[in-house]
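Engineer: Quick one: the structure is below, and I'll ask about it shortly.
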Amino acid sequence: MLCTSRLKNKWPQPWHPSNLIFSRCKVKVAWNKQSDSQYNPYGKYWLKLFFMGKFRMLCVSDHLPLDNNNRILLPLCENNKVLWLPLLVKGLLRIYALADEFEQFNTITCLTGWSCIETNCQ
């Protein structure tokens with residue numbers, strides 16, 4: 001009990017997919033605080049995704065594809081002003097396009113670096 005009370009508020013915030021997105025804006029944040037997503041006026045963002053054995057930084061723009069009715073083709077959050085979800089999907093689609101087969105692509109592995117093992121539960 002003593003150890004947990006001494007270390008209270010010293011651990012990083014829980015993992016969230018938006019933590020994988022960085023703008024080129026300079027932000028000063030303590031190591032145990034979650035940084036607020038920064039808007040980049042130039043429209044370039046960097047994603048940290050796991051691909052080909054290590055984490056890599058992938059550059060994506062904030063230009064979102066539209067259909068004929070001017071609706072965004074990527075998933076959005078309830079708050080349409082939040083960009084982290086469509087930016088993350090753009091990065092995942094870019095990595096998926098590089099994979100030779102569908103079985104080689106795993107979303108959980110791209111986000112966390114953890115390797116997934118399939119098991120037959122029958």
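The values are calculated or read from the model by the stated rules, or taken from the named source; none is laboratory data. Computed from a predicted model, the values in this text were never measured in an experiment. Glycine also receives a Cβ, built like all others from the backbone with ideal geometry; neighbour counts cover every protein chain displayed.
Engineer: What do you reckon, is LEU87 within 22 Å of PRO41 (Cβ to Cβ), part of a strand (DSSP E or B) and in contact (Cβ under 8 Å) with a residue 24 or more places away in the chain?
Structural biologist: no
Engineer: Inspect all residues belonging to segment 22-43 and state whether any of them is within 24 Å of ILE95 (Cα to Cα), at pLDDT 80 or above and exposed (fewer than 10 other Cβ atoms within 10 Å of the Cβ).
Structural biologist: no
Engineer: Tell me whether segment 58-73 contains one or more residues that are of a type in the set (Gly, Ala, Ser) and part of a loop (DSSP other than H, G, I, E, B).
Structural biologist: no
Engineer: Related question: Do you know which of the residues in segment 90-122 that are acidic (Asp, Glu) and assigned to a loop (DSSP other than H, G, I, E, B) is nearest to LEU58 (Cα to Cα)?
Structural biologist: That would be ASP100.
Engineer: Looking only at segment 74-81, decide whether some residue is exposed (fewer than 10 other Cβ atoms within 10 Å of the Cβ), on the phi > 0 side of the Ramachandran plot and free of Cβ contacts under 8 Å to residues at least 40 places away in the same chain.
Structural biologist: no
Engineer: Right, here's the next one. For residues in segment 90-104 being free of Cβ contacts under 8 Å to residues at least 40 places away in the same chain and of a type in the set (Gly, Ala, Ser), which is nearest to TRP46 (Cα to Cα)?
Structural biologist: Top of the filtered list is ALA97.
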